Structure formats: C-alpha cells, structure tokens
1. If you average the sequence gap of Cα pairs under 8 Å that are 6 or more apart and divide by the length of the chain, what percent do you get for the contact order?
2. Which ³J(HN,Hα) values, rounded to whole Hz and listed in residue order, are derived for the stretch 241-253 from phi using the Karplus coefficients 6.51, -1.76 and 1.60 in 6.51 cos²θ - 1.76 cosθ + 1.60 with θ = phi - 60°, glycine and proline given as x?
3. What ranking do 173-180, 184-191 get when scored by the average of other Cβ atoms within 10 Å per residue, highest first?
4. In Å, what Rg and Dmax follow from the Cα atoms of the stretch 177-253?
5. Cα gyration tensor of the stretch 151-207, axes a ≥ b ≥ c as square roots of the eigenvalues: rounded (a/c below 1.5), prolate (a/b > b/c) or oblate?
6. Among the listed pairs 35/85; 74/104; 34/137; 73/158; 40/104; 44/251, which are separated by more than 24 Å between their Cα atoms?
7. Grab the DSSP H runs of the chain that are 4 residues or longer, score each as -39,500 (n - 2.57), total them, divide by all residues and round the 222 nm result to the nearest 500 deg cm²/dmol.
8. Would you mind checking which residues have amide H under 5 Å from residue 141's amide H? H placed 1.01 Å from N; only 5 or more apart, or other chain.
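No lab work stands behind these numbers, since they all come straight from the coordinates. This structure is a prediction, so every number in the text was calculated from the model and none was measured. FYI the Cβ positions are ideal-geometry reconstructions off the backbone, even for glycines, and counts take in every protein chain you see.
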Amino acid sequence: MKNHALKFWSTYYKIRYYKSITKTQTNSEISFIKKQLPVKQYKKILDFVCGFGRHSIELANLGYNIEGFDIDKKSISFAKEIIKKASIKNIKLYFKDSTKFNKKESFDATICLYSSVGFLTPKQNERAFKNLFSSVKNGGRIVFDVMNPEWAKKNLIKYAEKLINHDDESHVIKHRRSILEHPTREKNEIEFINLKTGEVSKTFYIVCLYSIQELRKIFSLNGFTIKKEYGSCIGDKISPNKQRIIIVADKLS
C-alpha cells in the first residue's frame with residue numbers, strides 16, 4: 001500500500017490538487033491556526049507531513065519557528081525553492097517518513113492538516129500517530145484535521161473524469177472511489193492517460209477514515225485532552241454535513 005500511496009503523491013496529487021487548492025482556502029486555514037496557536041505561547045511548530053509547505057511557509061512569515069517534513073522529496077524541493085527565493089530563515093523542511101520521525105517532545109505545537117495520516121497499513125498508521133503525539137512537549141498542543149467519514153459516505157463522488165494540463169502535456173485522469181467498511185476506509189483507483197504519448201498509468205491508494213469517536217479514544221490513549229472540535233476551520237460543529245473533523249488537543253503535563 002505504501003508504494004501506491006507514494007505514486008499517488010508524486011503524480012495525481014501534484015497534477016490535480018496543487019492547482020485546486022486556492023489562496024483563499026490556505027488563508028482561511030492559516031487564520032484558524034493563528035487563533036488556536038498564539039505565537040507567543042506556541043512559537044516552535046512542527047508541520048507533520050507538510051506537503052509542499054503551503055502552511056509552513058505562511059506560518060514562518062508570521063513569525064513562528066517552523067520545522068516540517070514529508071516523504072515526497074519533490075514536494076520538499078519545491079518548498080525549499082520558495083523559501084530560498086524569499087530568504088525565509090525561521091523554517092526548516094526535510095525529507096522524512098512519518099513512521100520514523102522521532103523528535104520527541106521538541107515542539108510547542110504540532111499541526112497535522114488535510115488528512116495527512118491514514119494512508120499506510122494499520123501498524124504503520126499507528127506508528128505515525130505515536131510519532132505525531134510524541135513530538136509535542138508536555139503542555140503543548142496539536143491541531144489535527146481529517147476527512148469526516150460520515151460526510152464521505154453521503155457525498156462520495158464514485159467516478160470522475162477530468163482533463164488536466166501539466167508540464168505542457170495533457171492528461172485524462174479517471175478517478176474511481178468506493179467506501180470499504182470494518183474499518184471505514186476510502187479506496188481510490190486512478191488511471192492516467194497521457195494524450196501526447198498515449199501512455200497509460202494506474203495506481204491506487206486506501207486511506208483510513210477515522211470517526212470522531214475513534215479519534216477521541218486515540219487522543220486520550222496518547223495522553224491528550226481534546227479542548228475543541230470543529231467541522232470546518234470557520235468554526236462549524238462536526239456533523240454528517242461537514243467535510244472535516246478538526247481537533248484541537250493539549251498534551252497533559
């Protein structure tokens with residue numbers, strides 16, 4: 001499963017999602033993080049699976065001291081180019097596997113956003129969670145965000161086909177989704193067709209979808225008390241009609 005997930009990040013994610021995430025969305029998420037993590041109290045922040053650094057870079061510009069990591073080297077290289085051009089000094093991004101990240105109790109707060117966990121095997125996901133929780137100092141805070149499985153069951157688009165232009169080439173992307181039960185997971189099967197070369201490439205990934213009840217148990221078992229729960233970064237309550245589950249939790253000192 002892990003290799004398929006990596007292929008997804010290095011292909012479909014860059015072609016489709018890099019361009020679909022708007023500046024407005026990022027600004028809204030950054031505003032939410034600022035409210036939950038006042039810079040005077042939570043100066044040193046880890047971006048746990050940072051992707052191409054869209055949160056990390058903005059937070060560094062706001063005065064936070066940022067570290068972030070991701071398993072996709074191309075995403076990290078992309079972010080580092082932006083950081084270099086902007087001469088941002090208070091940020092460090094690096095290549096790392098979430099199952100092997102081991103900076104224990106090093107950060108005032110950790111953010112884990114946009115469903116950055118759940119893509120691996122159950123044992124690997126468990127290790128990633130443990131590394132996420134252990135990164136925070138006693139008395140520190142986590143801001144955590146995943147897709148709401150109840151929303152996914154109601155709103156899942158089972159098939160989508162889209163024409164995407166990327167690197168001066170056109171691709172048809174066929175995306176099939178389904179929900180697996182016991183435990184709840186989303187299966188994604190993706191086919192890429194390069195219209196210039198005719199090359200066809202297929203991949204798939206499966207992501208665990210954690211209910212709020214499951215997450216409450218996971219956080220509690222790892223020594224965290226949940227302070228707030230939201231269904232969006234504008235403060236909505238969690239419900240089957242809200243796409244996200246966002247948790248703000250403090251590590252018991």
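1. Result for the chain is 18 percent.
2. My calculation for the stretch 241-253 gives 8, 10, 6, 10, 10, 10, 10, 10, 9, 10, 7, 5, 8 Hz in order.
3. Ranked by mean Cβ neighbours within 10 Å, highest first: 184-191, 173-180.
4. 18.0, 58
5. Because a/c hits 1.5 or more and a/b exceeds b/c, the stretch 151-207 counts as prolate.
6. 35/85; 74/104; 73/158
7. -8500 deg cm²/dmol
8. 109, 110, 251
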